[in-house]
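The values are calculated or read from the model by the stated rules, or taken from the named source; none is laboratory data. Because the structure is predicted, anything quoted here is derived from the model rather than measured. Please note: Cβ atoms are built from the backbone with ideal geometry, for glycine as well, and neighbour counts cover all protein chains shown. Just so you know, the surface numbers come from the protein's heavy atoms only, side chains and all, with ligands and any DNA or RNA stripped out. Shrake-Rupley method; radii C 1.70, N 1.55, O 1.52, S 1.80 Å.
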Amino acid sequence: RRNLTPAERVAARTRVAPDPKGGVPDFDSREQLVFAANDYLGLAANERVQAAAADASRQTGTGAGASRLVTGDTRTHRALEREIAETKETARALVFSSGYATNLGVLSALAPDLVFSDELNHASIIDGCRLADTETQVYDHCDPNDLRAMLDRRAHEATGDESWLVVTDSVFSMDGDVAPLEELCAAAEEYGAWLMVDEAHATGLYEAGGGIVQREGLADRVHVQMGTLSKALASQGGYVAGSEMLIEHLLNTARSFIFSTGLTPPAAAAAHKAFQIARDGDWPARLWANVERLRDGLEELGYEVWGETQILPVVVGERETTMTLAERLRERNIIAPGIRPPTVSEGTSRIRVAPMATHTDEEIDRCLAAFRDAGRALDLL
């Protein structure tokens with residue numbers, strides 16, 4: 001394989017050419033554009049992020065070598081946690097080995113008497129509630145009135161003091177919609193519950209590199225801010241941010257933190273640099289311009305596009321037609337997979353489209369042309 005130039009390495013993050021034998025991608029063969037990655041800012045191929053990872057590898061090693069509480073803690077980890085706490089406007093932060101492990105560890109360590117969970121929350125939240133062995137009540141998706149009714153009913157039924165936690169994603173990964181955080185805060189405060197917000201699909205994309213919590217100015221009202229480093233921050237791992245008391249509690253009780261080898265120093269350094277770029281650069285602005293261009297184009301073609309974020313679900317409806325459309329897009333060198341039940345409800349099968357900040361206007365036009373041609377071939381338009 002020939003050596004790639006820096007520009008080609010960046011482009012390779014959104015252009016995948018699979019080897020015909022199913023092996024390692026070959027960038028000299030058929031070019032395909034990826035419009036479904038969670039690398040929303042395109043920073044996984046950013047030279048500054050790559051350099052930060054390489055420097056950490058040379059200085060500290062490729063692995064942490066042990067749990068953070070044994071010998072796996074480094075200056076790189078602590079610098080990242082300070083960056084997260086500053087970005088998320090909290091006293092402290094703690095980094096886990098993955099976003100999934102973060103939700104498992106946080107929910108099982110908090111172990112409230114009762115959790116109120118949005119019906120479309122991520123599987124890691126659901127599993128965290130199970131691991132905590134706590135009672136869980138599921139409220140209607142993004143419906144603060146249903147949540148409030150549940151809180152009120154429980155308040156009248158409770159026979160003693162109980163600890164309650166309301167937990168929600170901020171951006172939902174399949175619908176691309178946003179939780180009504182202001183109203184959820186108000187409901188939780190009225191009934192004395194804590195609020196936990198999973199910012200996995202929002203971190204790095206809003207105010208100064210923050211998420212929806214920062215966009216809405218709610219950092220002082222959300223008790224637990226969780227997120228991942230593996231999407232817009234182009235690395236690996238998860239984090240939780242909150243008060244001094246919360247982080248100290250998790251340090252001593254979150255088993256997925258205590259008994260896991262620390263995040264690798266290169267991953268921590270890459271995430272740290274990505275945070276800085278998202279906070280100080282114009283990368284989010286590039287992303288939102290691409291989102292608007294692609295959404296407008298899909299709607300002009302006649303597609304039904306849901307969501308209000310960088311996640312653009314193109315709803316087809318019937319599962320077989322959706323999967324056929326995804327295959328027709330692939331034949332036209334556009335990677336945008338079909339999502340069908342049980343991941344989404346019957347009748348709402350969709351193509352999950354997610355543009356990146358690094359897509360060019362020409363590449364977005366190619367994506368729209370593929371949707372146009374494939375849609376017409378299937379009599380969808």
Cut-off under 5 Å, modelled amide H: who pairs with His141 long-range: Glu119
Which of Ser124, Ser97, Ser173 fluctuates most in a GNM of the chain (C-alpha springs under 10 Å)? That residue is Ser124
Can you match Cα extents along the principal axes in Å to one of these, [x] 56, 51, 32; [y] 63, 52, 36; [z] 65, 51, 43, based on a calculation from the structure here? [y]
For the stretch 268-331, compute Rg over Rh where Rg is the Cα radius of gyration and Rh is the Kirkwood radius from the inverse mean 1/r over Cα pairs. 1.14
Please quote Rg/Rh for the stretch 52-150 to two decimal places, taking the Kirkwood radius as Rh and restricting both calculations to Cα atoms. 1.10
Per-pair calculated FRET efficiency, R0 = 35 Å: Arg130 and Leu381 via Cβ, rounded to 0.05: 0.20
If each part is reduced to its alpha-carbon centroid, the stretch 235-254 and the stretch 282-300 end up apart, in Å, by 34 Å
Say R0 is 25 Å: what FRET efficiency, to the nearest 0.05, do Ala111 and Ala186 get from their beta-carbon distance? 0.50
Convex hull of the stretch 204-305 built on C-alpha atoms - directionally averaged projected area, nm²: 8.6 nm²
Heavy-atom accessible area ranking, 1.4 Å probe, most first, across Arg372, Arg75, Arg350: Arg75, Arg372, Arg350
Quick tally, 1.4 Å probe accessible area for Lys88, Lys231, sorted with the most first, runs Lys231, Lys88
Expressed as a percent, the accessible surface of the chain that is carbon or sulfur, using a 1.4 Å probe and the full set of protein chains, is 47 percent
Hey, how much of the P(r) for the stretch 137-249 falls beyond 19 Å, as a percent of Cα pairs? 47 percent
Would you list Phe259, Phe275 from the most to the least accessible area, probe 1.4 Å? Phe259, Phe275
From the backbone phi of the stretch 178-189, what are the Karplus-calculated ³J(HN,Hα) couplings (6.51 cos²θ - 1.76 cosθ + 1.60, θ = phi - 60°) in whole Hz, Gly and Pro given as x? 10, 5, x, 4, 4, 6, 5, 4, 4, 5, 5, 5
For a Förster distance of 22 Å, can you work out the FRET efficiency between the beta-carbons of Asn333 and Ala37, rounded to the nearest 0.05? 0.90
If you find the alpha carbon centre of the stretch 264-280 and of the stretch 44-123, how far apart are they in angstrom? 11 Å
With a 1.4 Å probe and all protein chains kept in place, how much accessible area does Cys129 have, in Å² rounded to the nearest 10? 10 Å²
Ordered by residue, what ³J(HN,Hα) values in Hz, to whole numbers, does the stretch 214-224 give under the Karplus form 6.51 cos²θ - 1.76 cosθ + 1.60, where θ = phi - 60° and Gly and Pro are x? 6, 4, 8, x, 10, 4, 7, 10, 9, 6, 10
Under the definition of Cα pairs under 8 Å and six or more residues apart, what whole-number percent is the relative contact order of the stretch 79-219? 22 percent
If you count only protein heavy atoms with a 1.4 Å probe, what accessible area per residue comes out for the stretch 81-147, rounded to a whole Å²? 39 Å²
Between the alpha-carbon centers of the stretch 303-377 and the stretch 134-178, tell me the distance in whole angstrom. 32 Å
Taking the solvent-accessible surface of protein heavy atoms with a 1.4 Å probe, what is the per residue accessible area of the stretch 238-341 in Å²? 42 Å²
